[in-house]
Amino acid sequence: MIYLVIIILFFLIPTAIAGVIGAPLAITRKKQVEKIIEKAGIRGTDVFCELGTGTGRMMIKAYQKTNCKVIGFEMSPLYYLITLINLKINKVKNYKLYLKNFFKADFSGANVVFVFLMPKPLKKLKFKKGQKVISYCFPIERLEPYYIMEEKNSLPVYYYQF
């Protein structure tokens, strides 16, 4: 019984809260992940940040393709652990992973930010001048993307430069 309480309190509730605040889990298709990273033009000197890591797939691919520093924020302990395990399995060396609500996080040190958020919470984020922002699925209201990746059977990806 105690294990069930622990699972509910530490894993299921934070995961449900993430979905309610506008950051539900949506696994980006493997085929699309590589294209997203390539189009972003990330270099080894960049700092890539993923807001809501899920399984860490974007962080891992950014590191593997460019050897850049990767940072991730995840508020669900379950997905935090999954991301951490995946980072270790994939031998990602230059990373920081935080078990933290990214709405309360400082990600100003990143020059490339990847986010999957619904429009209302997406408006709450404050990006800094010079940051490249990649928004999976939803555009950032009142801003014009410099590129939109649209492929058959895939969700759109919006690229912004602040």
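Per-residue answers, yes or no, for (1) under 11 Å from the mean Cα position of the chain (by Cα); (2) under 25 Å from P139 (Cα atoms); (3) at pLDDT 90 or above; (4) acidic (D, E):
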| position | (1), (2), (3), (4) |
| --- | --- |
| K31 | no, yes, no, no |
| G44 | no, no, yes, no |
| T53 | yes, yes, yes, no |
| R57 | yes, yes, yes, no |
| V70 | yes, yes, yes, no |
| S76 | no, yes, no, no |
| A110 | no, yes, yes, no |
- Query: Quick check: is even one residue across the range 6-27 small (G, A, S), within 20 Å of F102 (Cβ to Cβ), under 11 Å from the mean Cα position of the chain (by Cα) and modelled with pLDDT of 60 or more?
  - Reply: yes
- Could you say whether any residue in the range 136-157 is touching a residue at least 24 places away in the same chain (Cβ under 8 Å), over 13 Å from Q32 (Cβ atoms), buried (at least 18 other Cβ atoms within 10 Å of the Cβ) and not β-branched (V, I, T)? no
- Message: Quick test for you: out of F73, F102, F107, F114, pick the one residue that is crowded, with 19+ Cβ neighbours inside 10 Å, under 16 Å from T28 (Cα atoms) and in contact (Cβ under 8 Å) with a residue 12 or more places away in the chain.
- Response: F114
- Message: Please verify whether Y158 is modelled with pLDDT under 95 and aromatic (F, W, Y), treating the condition exactly as stated.
- Response: no
- Message: Anything in the range 41-70 that is surrounded by fewer than 23 Cβ atoms within 10 Å (Cβ to Cβ) and among the small types (G, A, S)? List them, or say none.
- Response: G41, G44
- Message: Testing L97 on (1) crowded, with 18+ Cβ neighbours inside 10 Å; (2) farther than 22 Å from Q32 by Cα; (3) over 14 Å from the mean Cα position of the chain (by Cα), one condition comes back false. Which one is that?
- Response: (3)
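The values are calculated or read from the model by the stated rules, or taken from the named source; none is laboratory data. On a predicted model such as this, the values are computed, not experimentally measured, just so you know. Glycine also receives a Cβ, built like all others from the backbone with ideal geometry; neighbour counts cover every protein chain displayed.
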